[in-house]
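What follows is calculated from the coordinates using simple rules that are stated; it is not laboratory data. Computed from a prediction, not measured in an experiment: that's the story for all the values here. Virtual Cβ from ideal backbone geometry, glycine too; neighbours counted across all protein chains shown.
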C-alpha cells in the first residue's frame, strides 16, 4: 500500500521529484511510497522524451535512478509539466 496518492501522472511526478534534485529512487521505494509498480518502465519512458536518466547499481545488484537537471539537448526547461 502506498503512502501517497498521486494527483498527476507518474512520469510528471518523477520529473518533479528527481530532476536536478540529486535524489535517487529505487523500485522498492517507488512502489512502497508512491505506488509506482514498474519504475524501470517509467525511466525508459522518460529517456524516450529526452531526459538524462542515470542508474546506479548497489553492491547487491539493485538499481536506483536519478535524473539530470539538463535534458539531452542541454535545456533545463520542464518537459512534461
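The gain in end-to-end length when the residue 33 to residue 12 segment is fully stretched comes to 6.0 nm, 0.36 nm per residue minus the alpha carbon separation.
Full extension of the chain between residue 62 and residue 21 gives 12.7 nm of extra length, using 0.36 nm per residue less the Cα-Cα distance. Take every Cα pair under 8 Å whose residues are at least 6 apart in sequence, average their separation, divide by the length of the stretch 10-71, and the relative contact order is 39 percent.
Simple spin-label estimate for residue 75 and residue 41 gives 2.7 nm between the two label positions (7 Å along the Cα-to-Cβ direction from each Cα). If you run the Gaussian network model on the chain, springs between alpha carbon atoms under 10 Å, then out of 60, 15, 45 the most flexible one is 60. Mean residue ellipticity, 222 nm, helices only, the chain: the sum of -39500 (n - 2.57) across DSSP H runs of n ≥ 4, divided by residue count and rounded to 500, is -9500 deg cm²/dmol.
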